[in-house]
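Chemist: The structure is given below, and queries will be raised subsequently.
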Amino acid sequence: MSLTKRVIISALLLLVSQLSAARTADQQALALFEQFFEEQVSLSPMYQTHLGRKTHYGEWDDISPAQSALYHRLNQDQLTRLNELDSSKLNADNQLSVELMRFELEQDINSYQWRDYNYPVNQMFGLHATVVSFLINSHQITNVDDATAYISRLQGVKPLLEQLSVNLKRRAQKGILAPAFVYPQVRSDIVNITTGKPFNQDASESSPLLADFTRKIDALEITPERRTQLLSDANQALLKSVQPGYQQLLTVWDKLAEQADTRDGVWKFPQGDAYYQFALANITTTDMSADEIHQLGLAEVARIHAEMEHIKKAVGFAGSLPEFYKKLQDDPELYYRDSDAGRAQYLKDTRVLIDTMRDRLPELFGHLPKADLRVKAVEPFREKSAGKAFYQSPAADGSRPGIYYVNLHDLSAMPRYQMEALAYHEALPGHHMQIAIAQELSDLPAFRRHGGYTAYTEGWGLYAEQVPKEIGLYADPYSDFGRLSFELWRAVRLVVDTGIHHLKWTREQAIDYFVANTPMIRDDARREVERYIVMPGQATSYKIGMNAILALRTQAQRELGDDFSLKAFHDQILGAGALPLSILERRIQRWIATRADEPQ
């Protein structure tokens, strides 16, 4: 054999060896990602159910300090194992996964010092309400074993709420108490949960949990005797565990209410300023300071007001912008009748909007979600304190659809001219589009399919409100004004959230700013401000995320010119799962560079 042939063969063998090693390294990395994900999932029976699994199906999560410490040790251990990987041997996708995994683990590790700096029970969310919504919406019953697991979870409510009470009292000892306005609202929700049969046998209706359990087992093909026994067991669990569990929680809650005051910002906490800056960085995935976010909000409010002026003039209204807001509030033609028929019509019209958008999606996206989407009204037990609308993601295995919830408790808070923007944000092309596609990216590790970053997710939702306008939707100028009113709402959030938690604004001061600058009536503005108070920093994510996506789109259009494709851009934004904004920026810039280098 000639020297030349030997050299060529040797080089080929070396290349094959290198490719084999690279495959092995990538396979090892993927196996490690899956192992990490399963380790985290194994600690949460509730998340297992959320994923559509029926492992530990009759159990609740452990929310004790010991379990929190276990999560922390696991995060530290996983970071150590992750850092042992040689990323240089991995393909580009796996290198990104390593970067994301490291980002998440470091974020979780840094969060541990602030683990008690939140309100685990409040008027927006909390385990007191999650118990009920989880059983109703996530715990499916397709056989008797599932029904038995449901009863087991009912039996576990009392010890679960006892853990919650301990956590609330520990926070109170540290000076971390929800403001006074929260307590009566939560009290009302707890009372609603334990109203009706079997808690009151004279009641005309069943309690939310008994009604749900009855409906689910009635759909099973079982003997009357088995049905009777299951119902009897469920009633006993409701009376011996659920009712006393909530009664004990209510006793603790009422005592905490006596200690609460009217200071609304987290500046009142020990190291409150440091915590708030941490919360902003955690939620926005940027290094923007509270002052920078506040100034951005003021500038965005001014810009959107100017755009509103154009629409106001286009519809022939000669008064001021606040006067136009008042016209929108007072015009009965812009609202549904506050009746069962009005609520049914709202749901019907919302479904039409979503069906229309679904048909138009191929104009904006190449990759479409497979998961089904349904529209539901918020359940009566939580509608008084819940937000205007929200989205619940589908089960990963397709066993449960995505759900777009609309709150029809007060139709005066759900004007017709805001319906489009609301549906586009929460459903299509907003949260359902983004979350369902992420779950269906089978080539990605599980932690990326099911992970989330608020600035990315909510930034996409707000961006998704605007995109339909580009294909001719929002034909009614009032609906387009509704779109702007929602964007304005998110811009005001930047001002108000930082105002409350950084500049020490009072609740009334924040409400006054809202009413003066948006079409919101005062009661809606109050609910909004109260949300920001109990979820510090979260409200800033929407506008910051939207602005980041718009800036990347502008850059891509400028650099690619006629070669820019909106469909391709959207597929790039959604095609890697949720990302921190800094990593999203690098991804899109690499895509721009690749497209620019392609031969024309």
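Read-outs throughout are calculated quantities, based only on the coordinates presented, and are distinct from any laboratory measurement. As the structure is a prediction and not an experimental result, all values here were calculated from the model. Cβ sites come from the backbone with ideal geometry, for glycine too, and all protein chains shown count toward neighbours.
Chemist: Just to confirm my numbers, what's the Cα centroid distance between the range 321-356 and the range 406-468 in Å?
Modeler: Using only Cα atoms, the two centres lie 21 Å from each other.
Chemist: Kirkwood hydrodynamic radius of the range 494-559 from all distinct Cα pairs, in Å? Spell out each step's value before the answer.
Modeler: On the way: mean 1/r = 0.0767 Å⁻¹.
Across the range 494-559, the inverse of the average 1/r is 13.0 Å.
Chemist: Work the Kirkwood hydrodynamic radius out for the range 127-262: mean of 1/r over every pair of different alpha-carbon atoms, inverted, in Å.
Modeler: For the range 127-262, the Kirkwood estimate is 15.9 Å.
Chemist: Next question, about the same structure. Along its three principal axes, how long is the range 274-547 when you only count alpha carbons? Whole Å, largest extent first please.
Modeler: 51, 49, 39
Chemist: Which percent of Cα pairs goes in each bin when the distances of the range 394-459 are cut into 10 angstrom slices starting at zero?
Modeler: The percentages, shortest bin first, are 18, 43, 27, 10, 1.
Chemist: Pairs of Cα atoms under 8 Å, at least six residues apart: use those to get the relative contact order of the chain, whole percent.
Modeler: It comes to 15 percent, rounded to a whole number.
Chemist: Roughly how large, in nm² to one decimal, is the mean projection of the convex hull of the alpha-carbon atoms in the range 37-128?
Modeler: So the Cα hull casts an average projection of 7.7 nm².
Chemist: A further question on this structure: Quick one: grab Rg to one decimal and Dmax as a whole number for the chain, Cα atoms only, in Å.
Modeler: 26.0, 99
Chemist: Shifting gears a bit: Farthest toward the dipole's positive end in the chain, which of Gln236, Leu90, Ile354, given Cβ charges of +1 (Lys, Arg) and -1 (Asp, Glu) about the Cα centre?
Modeler: So the residue we want is Gln236.
Chemist: Give, in nm to one decimal, the length gained when the segment between Leu347 and Asn118 is fully stretched (0.36 nm per residue of separation minus the Cα-Cα distance).
Modeler: My answer for the length gained is 79.0 nm.
Chemist: For the range 88-202, what mean projected area does the convex hull of the alpha carbons give, in nm²? Write down the numbers at each step before the final one.
Modeler: On the way: hull surface 48.7 nm².
If I average the Cα hull's projected area over directions, I get 12.2 nm².
Chemist: Tabulate in residue order the Karplus-calculated ³J(HN,Hα) for the range 361-371, using 6.51 cos²θ - 1.76 cosθ + 1.60 with θ = phi - 60°, rounded to whole Hz; enter x for Gly and Pro.
Modeler: Once θ is set to phi - 60°, the couplings for the range 361-371 become 3, x, 6, 10, 9, x, 9, 10, x, 9, 4 Hz.
Chemist: Counting only helical runs of four or more DSSP H residues, what would the 222 nm mean residue ellipticity of the chain come to if each run contributes -39,500 (n - 2.57) and the total is spread over all its residues?
Modeler: On the way: 25 runs with 377 residues, N = 600.
Mean residue ellipticity, 222 nm, calculated: -20500 deg cm²/dmol.
Chemist: Also, I was wondering about something else. Between Arg303 and Asp202, how high is the FRET efficiency from 1/(1 + (r/R0)^6) when r is the Cβ-Cβ distance and R₀ = 41 Å? Nearest 0.05.
Modeler: Working from the Cβ atoms, E equals 0.10.
Chemist: Something else about it: So what's Rg/Rh here for the range 289-370, counting alpha carbon atoms and using the Kirkwood radius for Rh?
Modeler: My calculation puts Rg/Rh at 1.12.
Chemist: Let me check I've understood the local charge: for His139, count other residues with C-beta under 14 angstrom from its C-beta, Lys and Arg +1, Asp and Glu -1. What total comes out?
Modeler: Spelling it out: positives minus negatives among the neighbours equals +1.
Chemist: Further question: If you add up the charges near Ile435, with Lys and Arg at +1 and Asp and Glu at -1, over every other residue whose beta carbon is less than 15 angstrom from its beta carbon, what do you get?
Modeler: 0
Chemist: I've got another one for you. In whole Å, how far is the Cα centre of the range 67-97 from that of the range 486-551?
Modeler: 36 Å
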